[in-house]
Structure formats: structure tokens, C-alpha cells
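**Q** Once you've had a glance at the structure underneath, I'll fire off some questions.
The values are calculated or read from the model by the stated rules, or taken from the named source; none is laboratory data. All values reported here derive from a predicted model rather than from experimental measurement. All Cβ positions, glycine included, derive from the backbone under ideal geometry; neighbour counts span all protein chains shown.
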Amino acid sequence: MDNTRVSETSSSTLPVNKERENKWPTSSQLPQPTLLETLAVWTTGYRPDPVRELQEKSYYDYPALKAPVWSWEIIWYFFMGGLAGGCYVLATIASLFGAKEDRIVARVGYYASLLALLPCPPLLIKDLGQPKKFLNMMRVFKVKSPMSMGVWGLLTFSMFSALTAVIQAARDGLLGKWWGAKLLARLPQRALAVPGSIFAIFLSGYTGVLLAATSIAVWSRSRMLGALFVSSAFSTSTALISCILRIVGAPVKTLHKLERIEWVNMLIELVNLLAFLRITGRAARALVGTGPREKGPTFWSMMFGSGLVLPWLLQTWLLFKKQPVSPRKKKRGGLGLIVSLLVLLGGYFLRKTVVEAGHVSSADARTSLWNARR
Amino acid sequence: MLEQRGRESVSSIAQGVKQLPQLLTLLHKETPPPEEPALGFFTDTSLCIGCKACEIACKQWNQLPAATPDWSGTSYDNTQHLGATTWRHVQFIEQIERRIPAGTGQSAQQTSSTLPKLSLFQPMDSAEAIPATPPGTALPFFNSDRWLMHSDVCKHCANAPCQEACPTGAIIHTEYDTVYVQQDICNGCGYCVVACPFGVIARDTGGDGQAHKCTLCYDRLKDGMKPACAKACPTESIQFGEVQELKKNAQERLGLLQEHGVSEASLYGADDKILEGGLHSFFLLLDEPEVYNLPANPARPSNHVLPTSLGTIITALLMGLMSIFFFSNKE
């Protein structure tokens, strides 16, 4: 009895159904794939097959999962949190391993880290359904819950970031010349920055882990989102620091080092992104597809194209173009500024498209159910 | 006058002092109530008649507001999904013409790509007009059309992803091993909403902004009563009791159904497979889980934390090392 049963949608024996079926597009009748569609198929390794997908069972296509409740606050938090953590790590590396002229990276990095961190707690609190109960986050310490760990990590990192920036300010003479400032300037900044960097890495990467530890197919399938977010955090913060340095002026040698770091970071981000798309496969359609609700157009143009591949190519060209380097010379502006701004834009759009793709993915019952058929 | 005011302030201070121990008790961690046997639901969809009494009883007992009327246009199910204020939801799955008449299945597959040459109205003597009787059925006018009705509810997972995700500790396992949201603690972060693999728990955006779902009528359990939906169910499709006993009943029911030829019947969540511990609110289904929008074998989100973190750490180390290399590089 069982073998005669077919799904509702494929019951094609009755004439009424047959007529209806022929209105569905078959693979051969589909319009010529666009460039973005071709890119989506290549990167995910999944060719959408509407005919087969329609035969998959679901309950009137009602979403099998609830849509995320997160929107712009979380997108900005992911972006700013990544910048705060990444700037701190880069500043620490510059102060520990850099030459004398690289100290400006540390100085700018620590300030930028604190400034990027400041809007984070208000954004997170505003995002809650009951903002006045935000202190309840500190009731428990739960290793299994990335959000609980994130709260504690953010709190710890805030203290490190604030202290390091205040020491930097005292050393730069921004706090005046009273005894308190002198005391602060004498505190061991480097010894603080090493444990601080561990929390900084945590802050820039945990947001990806948080999204991966859900049931939303596009976020969770590949287990790669943490790596992708941390690489984007590093490349955007390198871009932010070099952007600031190109505005205020910095030694050419330091800028050159930052350029090469940025080039490597973008390359690693690109590899992570491609691995993320390939492993996520069909579930990545919400992010890269060009369907009605899918985020492909924004993703390919704002994130992948102008936010990652274009700046990487520009950077490659800049690095190969030999410039006469005079070690004592300071430099402002230049094409590098545009590269940095593009990377920052790409980093923002990565968070935006990934979070919004989660909304699209949750509404796609067939893909959600396919993802759960292991 | 002045004296009186002084006396008042003294008494208010005294009152405050009297309240102090009471305030301190809030910090004291209460001992949890003693463990009770695990309680749960067994929802037998083969008995469901789609009366929606469970939906209404749940709303009434838990004082949940009525949903804004919405005409779904797909079936008698206008509720469409579980939500922050809908903790029981009856699905209406209409399976019309789901069986290919015996013997014609093969040819239908082959001709499906070509245009149909059949007219809408066929002569009565045509062999295809009336589906052939499947073997083993006694009824001459056997109809393969069916309505599947399914009263969906929170699964009260043994390893509940919402509970694992909750960063405030608002979601707990009660002494009855049911999953419960403590409303005084939940701050509406929304992480449980995306953690739940069944799309059950939801944030009440129009109301208090907190997460809500089935409580398995914890208040009724405390008074030794059945949950409202199980009490209201007229066909015993919703059975309430100790999970161990319910699972035994479910196996018996499944055996009985299969004995009577309902070979497609299966249990969902009654074994320990789903989410590595099974569900305390499980189902007897008459089709594949996907037909009911139920995930066949969902991943446990908390299992993603370690592998994802590992990838994050490797990437961060790689990028850090590259930065160290370029910064310490003396040209």
C-alpha cells in the first residue's frame, strides 16, 4: 500500500493536476541565469530545482521555525563589537612587536577600540523585549549559552578596553599633569593588553558562534560563521586603523605594514566566506540567491564585490606597484583610504546580509526541514 | 505637629528595618521542590477530530488573548502556527488524491513530462475515473482522501535548546521535568526563539516583549489537575500523564494501529533519538514528520558551539600570527 503513495504535489494522474503542473517552470524552461545566479550556484554548489523542491513536503509552506526577532541594533552591535575587539588585538600586536614608529597604531587602536565599544551595551539593551530587565543577564554564567558567555565576555573586555585606553590617554597627556594621571601612565599597559586581547578575540568572534548555535539553517549548517565573523572583524579593524592613520597622517613604513596585513586578512576572509557558502550549500540560498526575498543582490554587490574582492584587488595592485619609500616621510590620504572605506562597508554589509538572511531562511519551511533531515 | 512628623519618620525607619530580613531573603537561594516523576503529553493524531477544544481551553485557562482573525485560505486552520499567545494549535492537513490508482503508477510517471491528453470530463466507464480499490480493503467505494489533524504543542524536550540558549536562566526544567519560562526573569532577548528547532517559543511583541510558550499548565499540575487541553480533549487524542507510562501506551497504540493495517503510523519523539534525549511531549503521526512541519531529526544547537569556536580560534590565531609577522618584519 505504501509504495503507491506519492506526495500531494506530485499526484499527476488527474487531468486537473496535470494542467496545473505544466504551469510550473521546469529546469529547461527557466530563464537564462544571471551573473549573480551563476555566482550563487558556483559558490554554494547547489543548483535550485523548483520542481523537485515543490515536491518536498511541508505544511502549506508555513514557516517551520520562528523568525529571529533581531534587526538593526544587532547588526550594528555585531559590526561595532567586531571593530572594538579587532582594533584592540591589532593595537596590542603593534605595541608588543612593532617598531618605534608603529606606536601610533597602538595609540589609535586603543582609542578606536573603546569608541567602537561604547555604543554596544546601549544597542544590546535596546534590542531586548524588556530593556529594563537587562541586569537579569548577569544572574547566571552558562558555558552552553553563547549569549550568556557573550555578556560576561563583553563586560570583562569593556574593563580591559577602558583601562588600556585611559592609560594611553594618561601617557598622551590628555588627562593633565596631576598625580592621578601620572599614576595611571605608570600602570603596565602591555601586561594588561595580553589578557585583554584574549577577551578582544572572544568579542570579535563569539557573535558568529552565537548565530551558529541556533536552528536557523543558513546560520548553523556550516559551523563556519564564527571564523567568518572573526576574520571580518580583523580586516575591518585593520581598515579602520589605517583609515584613521591616513586621515591624521602616519609614517609610510607603518602604513605599508598595515596594507600588507589588510591584504592577508582580506584573503583569509575570502577563503572563510567561500568555505562558509560551500558547506552551507542549499541553505545559503537565503544569503546568495536572487529570489524575491533572498539577499543575493545586496550580498554580491555591497559585500562580496565592492566590500571584499574589489578592495583586495586594489590592495594587491598597490602592493605590487613599487613606491619609493623614504623612511622618515609621513603620508596622508591616497588610494589606500578608499580601500579601507570599502572594507569597512563590506564588513557592515556582511553582518547585515547574514542577519537578514536568517529571517529569510527561517521563513523557508522546505529548506528548514531539509536541514533537519540528517 | 512636628512631633508627629518625627514619630512618623521614626516608624517608617523601623518599618524599613523590619523589612530588611525580608529583602535579604530575596538573595537567598531557595531549595528547589523535590523531584517528581516526569510528566508530559502523548498526542495521538489518529484520534484527533480537529475540534480545536484544546486551543480554546488553553487560551481560556492561561488567559491568552484571541489571535487577530486571519483568513488563511488554505484549510480550516486559520491559526496557522504556535505563538506567544497560542500554545496549542490544530493543523488541518488535507490529503486529496494522494494515491495513484493501483497499476497506473508507472505510466503516470512516464507521461508526466508530456502534455495530458485527457479531457476534464470522462465517460463513467473509463478505468481511471474511479480509483482502483487497494488490495485488502473491504469497502467497495474506498476513498483515499484523508484529513490529518494534529494538535501541535511545545515538545518539552529532555534537552531543550531554548533552555540551553537562555542567557538569564529564565527557562528551566521544573520538578516535573517540563520546560518552563519564568516570566519574572525573562527579559526578551529572543535567543530561545531562534534556538527552538520546532518553531514553538515566541516573543510577545505586541504584549510584554517576553518569551512565552506552553507551561504544561504548571499551575494546574501543582494542584493535582490535568493540563487544560488534555482535560478538554473529547477523544483522548491528547493524553497526559507520566512520560514513562505514556511511552508504553504509545507503543501499544502503535502496535494496535499497525495490526489494523495502518502501516504508515509512527511515533515521533517517543524514543531518545530526537535532540539526544527525546521529547516529553511526543506524537503519533500518520505520515512523515515533514507533512506536519516537524523536523525529522533536528540538530541540537548547543552542539555547534564547540566546532564553531574551534574554527574561530584557528582563524584568529592565523590572523594574529600574520599580523605579528608583518609588524616584526624589519625590511
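**Q** Mind telling me which of the residues A:Arg285, A:Arg293 ends up being more than 9 Å from chain B (Cβ to nearest Cβ) and touching a Pro at 6+ places or on another chain (Cβ under 9 Å)?
**A** From the options A:Arg285, A:Arg293, the qualifying one is A:Arg285.
**Q** Out of everything in segment A:214-232 that is farther than 19 Å from A:Lys144 by Cα and not polar (S, T, N, Q), what residue ends up being farthest from the other protein chains (Cβ to nearest Cβ)?
**A** A:Val218
**Q** Kindly indicate which of A:Leu65, A:Leu123 is assigned to a helix (DSSP H, G or I), at pLDDT 95 or above and either in contact with a helix residue (DSSP H, G or I) (Cβ under 9 Å, 6 or more places away or on another chain) or under 30 Å from B:Gly73 (Cα atoms) (or both).
**A** The match here is A:Leu123.
**Q** Next question. For segment A:57-108, give me the residue count where each residue is within 7 Å of another protein chain (Cβ to nearest Cβ) and either among the hydroxyl-bearing types (Ser, Thr, Tyr) or farther than 30 Å from B:Leu321 by Cα (or both).
**A** Looking only at that region, the number is 12.
**Q** Residues that are over 24 Å from A:Ala239 (Cβ atoms), of a type outside the set (Lys, Arg), touching a helix residue (DSSP H, G or I) at 6+ places or on another chain (Cβ under 6 Å) and outside any loop (DSSP other than H, G, I, E, B): does segment A:304-317 have at least one?
**A** No, because not a single residue in segment A:304-317 is over 24 Å from A:Ala239 (Cβ atoms), of a type outside the set (Lys, Arg), touching a helix residue (DSSP H, G or I) at 6+ places or on another chain (Cβ under 6 Å) and outside any loop (DSSP other than H, G, I, E, B).
**Q** Still on this structure, I have one more. Taking segment A:119-149, which residues are at the interface with chain B (Cβ under 7 Å from one of its Cβ atoms) and of a type in the set (A, V, I, L, M)? Walk me through how you get there before you give the answer.
**A** Quick first cut of segment A:119-149, residues at the interface with chain B (Cβ under 7 Å from one of its Cβ atoms) only: A:128-130, A:133-134, A:136-137, A:139-140, A:142, A:144-148.
Selection gives A:Leu128, A:Met137, A:Val140, A:Met147.
**Q** Then there is this: Would you check which residues across segment B:267-283 are small (Gly, Ala, Ser) and either surrounded by fewer than 17 Cβ atoms within 10 Å (Cβ to Cβ) or part of a helix (DSSP H, G or I) (or both) and list them? Please lay out each step first, then the result.
**A** Here is the first cut: in segment B:267-283, the residues small (Gly, Ala, Ser) are B:269-270, B:277-278, B:281.
If the condition is that a residue be small (Gly, Ala, Ser) and either surrounded by fewer than 17 Cβ atoms within 10 Å (Cβ to Cβ) or part of a helix (DSSP H, G or I) (or both), then B:Gly277 is the only one that fits.
**Q** Of everything in segment A:80-101, what is over 19 Å from the mean Cα position of the chain (by Cα) and closer than 22 Å to A:Leu341 by Cβ? Give them in sequence order.
**A** The answer is A:Ala91, A:Ala94.
**Q** Which fully enclosed helices (runs of 4 or more DSSP H) of segment B:173-244 have 2 or more residues being within 12 Å of chain A (Cβ to nearest Cβ), touching a helix residue (DSSP H, G or I) at 6+ places or on another chain (Cβ under 9 Å) and not small (Gly, Ala, Ser)?
**A** Once the helices (runs of 4 or more DSSP H) in segment B:173-244 are filtered for at least 2 residues that are within 12 Å of chain A (Cβ to nearest Cβ), touching a helix residue (DSSP H, G or I) at 6+ places or on another chain (Cβ under 9 Å) and not small (Gly, Ala, Ser), what remains is B:191-195.
**Q** Then there's this: Which of the residues that make up segment B:23-44 are in a strand (DSSP E or B) and either at pLDDT below 90 or of a type in the set (Ser, Thr, Tyr) (or both)?
**A** Answer for segment B:23-44, where residues must be in a strand (DSSP E or B) and either at pLDDT below 90 or of a type in the set (Ser, Thr, Tyr) (or both): just B:Thr43.
**Q** Next question. Could you say which residue among A:Leu255, A:Leu211 is over 26 Å from A:Leu314 (Cα atoms), more than 7 Å from chain B (Cβ to nearest Cβ) and aliphatic (A, V, I, L, M)? Let's see the steps before the verdict.
**A** On the way: A:Leu255 fails: over 26 Å from A:Leu314 (Cα atoms).
Sole residue among the options that is over 26 Å from A:Leu314 (Cα atoms), more than 7 Å from chain B (Cβ to nearest Cβ) and aliphatic (A, V, I, L, M): A:Leu211.
**Q** Got a sec? Which of A:Lys182, A:Lys177 is of a type in the set (D, E, K, R) and in contact (Cβ under 8 Å) with a residue 12 or more places away in the chain?
**A** Checking each option against the conditions leaves just A:Lys182.
**Q** Starting from residues that are farther than 17 Å from B:Asn329 by Cα and surrounded by fewer than 22 Cβ atoms within 10 Å (Cβ to Cβ), keep the ones in segment A:244-258 and report whichever is modelled with the highest pLDDT.
**A** This residue is A:Ile244.
**Q** Taking segment A:201-210 on its own, how many of its residues are touching a Phe, Trp or Tyr at 6+ places or on another chain (Cβ under 6 Å) and over 16 Å from A:Val151 (Cβ atoms)?
**A** 1
**Q** Oh, and also: Does A:Gly98 satisfy being modelled with pLDDT of 95 or more and either farther than 30 Å from A:Leu273 by Cβ or surrounded by 20 or more Cβ atoms within 10 Å (Cβ to Cβ) (or both)?
**A** Here the answer is no, as A:Gly98 does not meet what is asked.
**Q** Another question, if that's okay. Counting just the residues of segment B:295-304 that are within 7 Å of chain A (Cβ to nearest Cβ) and without any contact (Cβ under 8 Å) to a residue 24 or more places away in the chain, which one comes out surrounded by the fewest Cβ atoms within 10 Å (Cβ to Cβ)?
**A** B:Ala296
**Q** Of A:Ala213, A:Ala239, which residue is within 17 Å of the chain's Cα centre (by Cα), closer than 23 Å to A:Asp127 by Cα and surrounded by 17 or more Cβ atoms within 10 Å (Cβ to Cβ)?
**A** Details: A:Ala239 fails: closer than 23 Å to A:Asp127 by Cα.
When all the criteria are applied, what remains is A:Ala213.
**Q** Would you be able to tell me the number of residues in segment B:245-266 that are closer than 18 Å to B:Pro289 by Cα and either in a loop (DSSP other than H, G, I, E, B) or among the polar types (S, T, N, Q) (or both)?
**A** 7
**Q** Tell me yes or no: at least one residue of segment B:266-285 is more than 18 Å from B:Thr178 (Cα to Cα), at the interface with chain A (Cβ under 8 Å from one of its Cβ atoms) and polar (S, T, N, Q).
**A** No, that holds for no residue.
**Q** Continuing with the same structure: Out of all the residues in segment A:94-109, which are touching a residue at least 60 places away in the same chain (Cβ under 8 Å) and under 19 Å from A:Val230 (Cα atoms)?
**A** Of everything in segment A:94-109, just one residue is touching a residue at least 60 places away in the same chain (Cβ under 8 Å) and under 19 Å from A:Val230 (Cα atoms), namely A:Gly109.
**Q** Restricting to segment B:161-172, give me the number of residues that are in contact with a Cys (Cβ under 8 Å, 6 or more places away or on another chain) and in a loop (DSSP other than H, G, I, E, B).
**A** Looking only at that region, the number is 4.
**Q** Restricting the first residue to segment B:305-331 and requiring it to be more than 7 Å from chain A (Cβ to nearest Cβ), which pairs with a second residue that is of a type in the set (D, E, K, R) and part of a helix (DSSP H, G or I) meet a Cβ separation below 9 Å and a spacing of at least six or different chains?
**A** Correct list of pairs: B:Asn329/A:Lys257; B:Asn329/A:Arg260; B:Glu331/A:Lys253.
**Q** Of these, A:Phe141, A:Phe134, which one is in a helix (DSSP H, G or I) and either surrounded by fewer than 23 Cβ atoms within 10 Å (Cβ to Cβ) or touching a residue at least 40 places away in the same chain (Cβ under 8 Å) (or both)?
**A** Among A:Phe141, A:Phe134, only A:Phe134 is in a helix (DSSP H, G or I) and either surrounded by fewer than 23 Cβ atoms within 10 Å (Cβ to Cβ) or touching a residue at least 40 places away in the same chain (Cβ under 8 Å) (or both).
**Q** In segment B:284-331, which residues are among the aliphatic types (A, V, I, L, M) and not in a helix (DSSP H, G or I)?
**A** Result: B:Leu284, B:Leu285, B:Leu286, B:Leu294, B:Ala296, B:Ala299.
**Q** Tell me, please, whether a residue that is in contact with a strand residue (DSSP E or B) (Cβ under 9 Å, 6 or more places away or on another chain), among the β-branched types (Val, Ile, Thr), closer than 21 Å to B:Val181 by Cβ and modelled with pLDDT under 95 can be found in segment B:95-102.
**A** no
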